[in-house]
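So the structure is just underneath, and the comments pick up after that.
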Amino acid sequence: MADPVLPTLLSLASHELRGPTGVVRGYLRLLEQDGTLGERPRRVMTEMTRATDRLAALLDELSELAHLKDGRIKLTLRSMSLRSVLNQAVQAVELPENVDMDLDVVAPADVRMRVDEARLRAVFTTLIVTLARAQSGAGSVDLRLSKGRSYAQVVVQPRSLGHGTVVEQAVDFARGGTGLQLPIADAVVQAHGGRLRERWVAGRWAGFVVKL
C-alpha cells in the first residue's frame, strides 16, 4: 500500500528547499557580474553555479515525483503504437559525452495501448541513460517489445548479454547518481497501471523490464 504521507513530505521538502536555493543562485548571479574577480574565484563561481543549477533541477524532480505520487499530475492518454514510442525514445535520448552506444528497437509485432506518449517516452530515455552509465565502454542496448494475453512488455537490456558485456554495477531505485529520474519513471509506469522492475539473468543485473 502506498504511504499517504510520502507525497506531502516530498512536496514540503521541495517547497522549503527552493527558498534558500533561490537566494544562493541570486547572489551567485550578482557575483558573476563583478568584473574585479580574478581567474581562480571565477572558476570557483562557475562550479558553484553548476552545482546550484543541479540542485534546482533536483527540486523540480522532487516536486514532480510528489505530484505523481498523490495523483495531482493527470496522464494525457491516447491510443499509441508502443513501437513508435520506443523509436521516439531512442531518437530523443541524450547519452553522456563519454558513452558510445548503439540502440535498437526490436518489435516483431506492434502493440497499441492508451498511454501518455511524452511521459512514457521519458521513462524509456531514462532507462537507456541509466543502463548506459552502468556499462563500461562502448555497448549496444536493445529495447525488446513483446505482447502477452493482457499486457505488453518492454525489456531494456545489453544486446550482447552473456557474451562479454560488462555491467559495472546493479542500478536500483535507491542508488544515487541518476537524480530522481528512476523513481519518477517508476511512478509514471505505476500511473499507467504497470510495473517497472530490474532484470536479473543468472545472478547478474541485466537491465529493466516494463510491464504495461
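Tabulated results
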item	result
Evaluation of Met101 against (1) at pLDDT 90 or above; (2) closer than 17 Å to Gly207 by Cβ (one fails), failing number	(1)
Flag if Leu65 is among the aliphatic types (A, V, I, L, M) and either exposed (fewer than 12 other Cβ atoms within 10 Å of the Cβ) or part of a loop (DSSP other than H, G, I, E, B) (or both)	no
Scan of the range 96-126 for residues that are aliphatic (A, V, I, L, M) and farther than 17 Å from Ala185 by Cα, ordered by number	Val99, Met101, Leu103, Val105, Val106, Ala107, Ala109, Val111, Met113
Selection status of Arg112, of a type in the set (D, E, K, R), farther than 30 Å from Arg54 by Cα, open to solvent by 50 Å² or more (accessible area, probe 1.4 Å) and modelled with pLDDT under 90	no
Test: residue in the range 70-78 that is out of contact with any strand residue (DSSP E or B) (no Cβ under 7 Å at 6 or more places or on another chain), hydroxyl-bearing (Ser, Thr, Tyr) and outside any helix (DSSP H, G or I)	yes
Within the range 44-69, considering residues that are acidic (Asp, Glu) and more than 17 Å from Leu31 (Cβ to Cβ), the one modelled with the lowest pLDDT	Glu61
Test result for Asp60, without any contact (Cβ under 8 Å) to a residue 60 or more places away in the chain, surrounded by 11 or more Cβ atoms within 10 Å (Cβ to Cβ) and closer than 21 Å to Arg133 by Cβ	yes
Boolean, Arg78 is under 30 Å from Gly193 (Cα atoms), out of contact with any Leu (no Cβ under 9 Å at 6 or more places or on another chain) and modelled with pLDDT under 85	no
Pick from the range 161-180, criterion among the β-branched types (Val, Ile, Thr) and at pLDDT below 60, ranking: farthest from Met101 (Cα to Cα)	Val171
Candidates Pro158, Pro183 - the one that is buried (at least 16 other Cβ atoms within 10 Å of the Cβ), modelled with pLDDT of 60 or more and closer than 20 Å to Met101 by Cβ	Pro158
Residues of the range 115-127 classified as open to solvent by 30 Å² or more (accessible area, probe 1.4 Å) and over 17 Å from the mean Cα position of the chain (by Cα), total	0
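The values are calculated or read from the model by the stated rules, or taken from the named source; none is laboratory data. Bear in mind that the values here come from a model prediction, so they are computed numbers and not experimental data. Please note: Cβ atoms are built from the backbone with ideal geometry, for glycine as well, and neighbour counts cover all protein chains shown. Please note that ligands, DNA and RNA were not included when accessible areas were found on the heavy atoms of the full protein model with its side chains. Shrake-Rupley method; radii C 1.70, N 1.55, O 1.52, S 1.80 Å.
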